[in-house]
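Colleague: Dropping the structure in here first, questions after.
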Amino acid sequence: MAGTFTQIYIQAVIVVEGRANLLQKTWRDEVFKYMAGIVKNKGQKPIIINGVADHVHLFIGLKPSIAISDLLRDIKNNTSNFINAKNWVSGKFSWQEGYGAFSYAHSQMDHVYQYILNQEEHHQKRTFRDEYLEFLKRFEVPHEERYLFKWVD
């Protein structure tokens with residue numbers, strides 16, 4: 001798109017089906033690198049990808065050449081296939097339906113980067129449920145409890 005100039009930063013959150021603690025530390029970084037490769041191959045910019053055993057945060061520089069929903073669908077489908085092909089979990093690995101996506105200004109990049117970088121430490125003090133509900137509140141996202149991720153707390 002000649003003459004099109006954008007600066008769109010999105011933090012997306014995806015969750016393991018049933019919020020199961022399946023993303024093990026021993027291979028989690030390999031999954032994050034794989035996700036970064038998918039983002040790059042789709043012509044987007046992976047800024048940082050990190051998470052814990054039951055969910056992942058992806059901070060992406062997004063160009064308007066792809067819909068967020070299409071990008072996250074491809075990331076979830078391909079990483080599910082990748083994890084299943086590696087036989088890292090007993091049974092079948094999958095992601096929950098849906099996702100969260102929140103936009104940021106360029107001036108907020110460092111803060112978001114540090115937040116995502118420190119997920120392990122962050123979740124020693126705060127549950128994913130509390131974190132996610134805080135995102136929805138802070139970004140004033142209307143929602144119905146029945147459509148949120150499947151909570152197993």
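The values are calculated or read from the model by the stated rules, or taken from the named source; none is laboratory data. Owing to the predicted nature of the structure, the values given are computational and were not obtained by experimental measurement. Glycine also receives a Cβ, built like all others from the backbone with ideal geometry; neighbour counts cover every protein chain displayed.
Colleague: Tell me whether segment 80-90 contains one or more residues that are of a type outside the set (Phe, Trp, Tyr) and in contact with a strand residue (DSSP E or B) (Cβ under 8 Å, 6 or more places away or on another chain). Don't jump to the end; show me each part of the working.
Modeller: Quick first cut of segment 80-90, residues of a type outside the set (Phe, Trp, Tyr) only: 80-81, 83-87, 89-90.
Now restrict to residues that are in contact with a strand residue (DSSP E or B) (Cβ under 8 Å, 6 or more places away or on another chain): 80.
There is at least one residue in segment 80-90 that is of a type outside the set (Phe, Trp, Tyr) and in contact with a strand residue (DSSP E or B) (Cβ under 8 Å, 6 or more places away or on another chain).
Colleague: Those residues that are modelled with pLDDT under 85 and either surrounded by 14 or more Cβ atoms within 10 Å (Cβ to Cβ) or outside any loop (DSSP other than H, G, I, E, B) (or both), I need them from segment 117-131; list them, please.
Modeller: Matches in segment 117-131: His122, His123, Phe128, Arg129, Asp130.
Colleague: Given the criteria touching a residue at least 60 places away in the same chain (Cβ under 8 Å), surrounded by 11 or more Cβ atoms within 10 Å (Cβ to Cβ) and more than 21 Å from Arg28 (Cα to Cα), does Phe102 qualify?
Modeller: Numbers: touching a residue at least 60 places away in the same chain (Cβ under 8 Å): yes; surrounded by 11 or more Cβ atoms within 10 Å (Cβ to Cβ): yes; more than 21 Å from Arg28 (Cα to Cα): yes.
Taking the combined requirement at face value, the residue satisfies it.
Colleague: What pairs come out if I take residues in segment 54-79 that are assigned to a strand (DSSP E or B) and pair them with residues that are surrounded by fewer than 22 Cβ atoms within 10 Å (Cβ to Cβ) and basic (Lys, Arg) whose C-beta lies under 9 Å away, six or more apart or interchain?
Modeller: Correct list of pairs: His55/Arg19; Val56/Arg28; Ile60/Lys45; Gly61/Lys45; Leu62/Lys45.
Colleague: Please count how many residues of segment 80-99 are in contact (Cβ under 8 Å) with a residue 40 or more places away in the chain and either more than 22 Å from Asp29 (Cα to Cα) or hydrophobic (A, V, I, L, M, F, W, C) (or both).
Modeller: Of all residues in segment 80-99, those in contact (Cβ under 8 Å) with a residue 40 or more places away in the chain come to 82-83, 86, 88-89, 93-96, 98-99.
Those still in the list that are either more than 22 Å from Asp29 (Cα to Cα) or hydrophobic (A, V, I, L, M, F, W, C) (or both) too: 82-83, 88-89, 93, 95, 98.
Number satisfying all stated conditions: 7.
Colleague: Could you please find all residues in segment 77-99 being crowded, with 17+ Cβ neighbours inside 10 Å and not hydrophobic (A, V, I, L, M, F, W, C)?
Modeller: Thr79, Ser94, Gln96, Tyr99
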